[in-house]
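We did not get these values from a lab; they are worked out from the coordinates using the rules stated. Worth saying up front: this structure is predicted, and the values here are computed from it rather than measured. In this analysis, Cβ positions are derived from the backbone assuming ideal geometry, glycine residues included, and neighbour counts consider all displayed protein chains.
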There are 2 protein chains.
Amino acid sequence: MLNQPQRLSMTALAGIADILPGDDLADILAQAIRSNDVTLSDGDILVIAHKVVSKAEGQVVSLATIKPGEEARELAAQLNKDPRKIEVILRESRRVVRAFKHPQQAEGILIAEHRLGFICANAAVDESNVGEDNTVILLPKDPDSSARRICAALEETFGVRLGVVITDTFGRPWRMGLVNVAIGLANVPAQVSLVGDRDAFGRELAVTIPALADEIAAASGLLMSKNGKTPAILFQGVDWEPAPSSATDLIRPQKEDLFR
Amino acid sequence: MLNQPQRLSMTALAGIADILPGDDLADILAQAIRSNDVTLSDGDILVIAHKVVSKAEGQVVSLATIKPGEEARELAAQLNKDPRKIEVILRESRRVVRAFKHPQQAEGILIAEHRLGFICANAAVDESNVGEDNTVILLPKDPDSSARRICAALEETFGVRLGVVITDTFGRPWRMGLVNVAIGLANVPAQVSLVGDRDAFGRELAVTIPALADEIAAASGLLMSKNGKTPAILFQGVDWEPAPSSATDLIRPQKEDLFR
């Protein structure tokens with residue numbers, strides 16, 4: 001007897017050109033969906049690297065325009081980093097969580113709490129894949145709004161109910177290597193509560209709350225190569241229910257966090 | 001013009017019955033692969049929830065057999081937990097990282113460094129899905145060895161080159177919700193170094209090291225429902241190269257960790 005297994009597929013949309021400030025990203029993604037061999041259905045989820053969202057929204061800063069303040073110059077000396085980049089990081093941050101440089105390292109690391117609440121290296125200010133020297137790229141101003149706007153445009157274009165997850169790539173306490181996490185959400189719940197569900201033996205599962213949006217984000221890293229050529233991954237077959245959501249729901253409140 | 005997108009699929013193997021101590025898990029998985037509509041190819045990766053591995057290996061402890069020591073009794077009083085369960089957790093641990101109970105919470109939380117080095121709640125000692133009351137389930141004694149044994153058996157059965165990732169479900173500092181992480185590996189690299197690769201604009205990517213095994217583990221959570229009925233997920237289409245690996249490579253050395 002053959003079983004009917006549950007399946008899920010991920011498709012890296014090929015052929016997305018470099019994104020420039022002012023580009024209509026939803027339209028570019030719609031074209032990519034059409035030019036790839038995919039048919040959208042209700043419940044499909046599009047995962048988008050924040051860099052193309054940020055670039056389309058003009059969230060790019062030329063370091064030549066930045067005059068570092070005193071705090072930035074002090075941290076830059078301590079960490080051996082460009083003081084203008086530190087200044088941009090500080091402007092994006094609520095606070096510096098850690099600033100540290102090993103004596104053997106050429107450059108130190110700055111962990112900051114981003115103004116949106118995410119705790120990550122350099123307040124998510126990034127140099128890769130911007131296309132110009134001496135520019136840095138920020139997170140979108142309001143990644144949930146960006147996700148909702150793109151989602152609504154694609155839903156209208158294709159006549160289906162969709163979800164959108166915008167990702168960034170974060171390091172992690174305790175574990176090596178980088179994974180993608182969700183920083184903007186449209187329709188996709190941040191977490192799925194299994195509270196009240198029962199396990200295979202009928203016992204109630206009290207505290208199992210999978211971080212659905214981060215599972216999707218991490219999975220997207222398997223196809224979202226860092227060389228920047230596949231910034232959008234289509235998920236088909238995920239079992240989920242649309243809900244009002246925000247990626248900031250994934251931020252652990254400081255008073256509940258045993259780890260800071 | 002149609003593009004040729006890169007695709008990846010995940011299949012939850014249906015029809016795996018409850019696993020008992022002494023079961024030949026590799027054989028059970030081979031039967032599940034045959035009874036589901038899948039054909040294995042070189043490079044396929046099987047992701048397995050550690051609970052079925054632990055159960056097959058007899059890593060299950062009846063709390064009736066446990067006499068808690070003084071440290072366990074003290075922590076149990078502080079956290080309002082079963083002292084026998086605390087005793088098992090301490091036996092599985094190198095050290096307690098945090099023991100904490102909010103006044104409003106019925107039961108506190110114990111973060112421990114597992115003897116294998118993983119930092120997680122309750123040293124990964126778990127109550128769900130064991131099938132008997134008053135038993136707890138531990139991690140496999142050597143999850144990398146378990147993964148390699150299962151992988152080698154399946155490779156011989158099906159005549160293909162495979163990878164195996166054994167997972168557990170961990171909470172995370174700074175972020176809400178649970179994700180699956182890799183705790184045992186066969187052939188699948190823990191991390192993929194992109195050092196020396198270039199981004200879309202030809203700039204060298206200095207420090208981008210995706211945690212490949214954790215990306216796969218987190219993705220598996222999308223199909224590995226917590227009710228325990230789908231403990232094995234087949235990944236097809238992942239771009240990877242086999243390498244000698246260990247899930248302990250994902251543990252950030254304490255001296256490099258800014259977060260503890």
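Averaged over peptide A:178-184, the number of partner chain Cβ atoms lying within 10 Å of each residue's Cβ comes to 4. The charge dipole of the protein assembly as shown, taken about the Cα centre with unit charges on the Cβ atoms of Lys, Arg (+1) and Asp, Glu (-1), comes to about 1260 debye, rounded to the nearest 20. Measuring nothing but how far apart in sequence close Cα pairs (under 8 Å, 6+ apart) lie, relative to its length, chain A scores a relative contact order of 25 percent. Pairs from the table (A:LYS51/A:LYS85; A:LYS51/B:LYS229; A:LYS55/A:LYS101; B:LYS81/B:LYS229; B:LYS101/B:LYS141) lying more than 26 angstrom apart at Cα are A:LYS51/B:LYS229; A:LYS55/A:LYS101; B:LYS81/B:LYS229; B:LYS101/B:LYS141. Fewest neighbouring Cβ atoms within 10 Å first, the residues A:ARG252, B:ARG161 line up as B:ARG161, A:ARG252. Under the simplified labelling scheme, the A:GLN104-B:PHE100 pair shows an inter-label distance of 3.1 nm, with each label point 7 Å from Cα along Cα→Cβ. Kirkwood hydrodynamic radius of the protein assembly as shown, from the reciprocal of the average inverse Cα-Cα distance over all distinct pairs: 23.9 Å. Across peptide A:164-175, the average count of Cβ atoms from other chains found within 10 Å of a residue's Cβ is 5. Per residue of chain A, the DSSP helices (runs of n ≥ 4 H) give a summed -39500 (n - 2.57) that works out to -7000 deg cm²/dmol at 222 nm. Given axes a ≥ b ≥ c from the Cα gyration tensor, I'd like to know whether chain A is rounded (a/c under 1.5), prolate (a/b larger than b/c) or oblate. Cα axes put chain A in the oblate bin. Mean per-residue shielding of peptide B:8-18 is 5, counting Cβ atoms of other chains within 10 Å of each Cβ. Anisotropy class assigned to the stretch B:61-136 is rounded, per the alpha carbon gyration tensor with a/c under the 1.5 cut-off. Look at A:MET224, A:MET10, A:MET176 and count the other Cβ atoms within 10 Å of each Cβ; fewest to most, that gives A:MET176, A:MET224, A:MET10. Assign one of three labels to the stretch A:1-51, namely rounded, prolate or oblate, based on the Cα gyration tensor with a ≥ b ≥ c the square roots of its eigenvalues; rounded applies when a/c is under 1.5, prolate when it is not and a/b is larger than b/c, and oblate otherwise. Prolate shape, in that a/c is at least 1.5 and a/b is the bigger ratio.
The packing ranking, built from the mean of other Cβ atoms within 10 Å per residue, places the peptides A:214-222, B:44-52, B:148-156 in the order A:214-222, B:44-52, B:148-156, highest first. In percent, rounded to a whole number, the relative contact order of the stretch A:68-135 is 24, using alpha-carbon pairs under 8 Å and six or more apart. What's the FRET efficiency of B:GLU70 with A:ARG91 using the Cβ-Cβ distance as r and R₀ = 45 Å, to the nearest 0.05? The value I calculate is 0.30.
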